[in-house]
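Participant: Here it is: the structure, laid out below.
The values are calculated or read from the model by the stated rules, or taken from the named source; none is laboratory data. All of these numbers come straight from a predicted model, not from anything done at the bench. Every residue, glycine among them, receives a Cβ derived from its backbone with ideal geometry; neighbour counts consider all protein chains shown.
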Amino acid sequence: MATFAERLKFLRKEKKLTQQELADKLGISRVGYGYWEKGSREPDLSMLLKLSEVLNASLDYLMGNSDYNFMDTKQMILKSMTANEDEQKEIERQSQVFFIESILIQIVFLGRTYDDIRELLIKNGSSPSSVEDSIKEAQRLEKIFREKISKPKQDDSE
């Protein structure tokens, strides 16, 4: 899987943006942005959220934890309309990952508890066993995410 720096550069080029254009959209300097693409620094959590929004990329994809970007749901829907059986299975798997990521976003960024989410999902018709499987995976991803964002920042003098 790609690193954050590799994924960032890929997404920027995919959007046909220069480093300066993307830095301007984020409200930072091109030099500061360049450190991220070089891999010598990483953005803080608020900037990760801005990057996710500007680049239309899920955090899991942006951080290099997944090879699938689930933010582009339109593409997934169009693809599902003409999918064969194997492709349909992959789309279902991708949908599950997107669902798990949405749970993770509610936990990490919105301050909800797993019990709140569990209750809401079951109340809305999700099967208890699928809810438990999804929550276990979200908890695993939350641990990875929190470890990544809690890394000490590198010294600016480098």
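Participant: Could you look through segment 135-153, keep only residues that are β-branched (V, I, T) and in contact with a helix residue (DSSP H, G or I) (Cβ under 6 Å, 6 or more places away or on another chain), and pick out the one that is modelled with the lowest pLDDT?
Facilitator: I149
Participant: Same structure again: Do you know which of the residues in segment 28-53 that are among the polar types (S, T, N, Q) and in a loop (DSSP other than H, G, I, E, B) is surrounded by the fewest Cβ atoms within 10 Å (Cβ to Cβ)?
Facilitator: S40
Participant: Still on this structure, please answer the following. Quick one: in segment 9-27, of everything that is out of contact with any Lys or Arg (no Cβ under 9 Å at 6 or more places or on another chain) and in a loop (DSSP other than H, G, I, E, B), which residue is farthest from R146 (Cα to Cα)?
Facilitator: Per the criteria, the residue is K16.
Participant: Go through segment 6-47 and give me each residue that's closer than 16 Å to D60 by Cβ and in contact (Cβ under 8 Å) with a residue 24 or more places away in the chain.
Facilitator: Those that are closer than 16 Å to D60 by Cβ and in contact (Cβ under 8 Å) with a residue 24 or more places away in the chain: E6, R7, L8, L11, E42, L45.
Participant: Pairs needed: first member in segment 89-115, free of Cβ contacts under 8 Å to residues at least 12 places away in the same chain and surrounded by fewer than 15 Cβ atoms within 10 Å (Cβ to Cβ); second member anywhere, in a helix (DSSP H, G or I) and not hydroxyl-bearing (S, T, Y); C-beta distance under 7 Å; at least 6 residues apart or different chains.
Facilitator: Qualifying pairs under 7 Å: R112/Q106.
Participant: When you look at L62, is it closer than 24 Å to L8 by Cα, out of contact with any strand residue (DSSP E or B) (no Cβ under 9 Å at 6 or more places or on another chain) and at pLDDT 80 or above, yes or no?
Facilitator: yes
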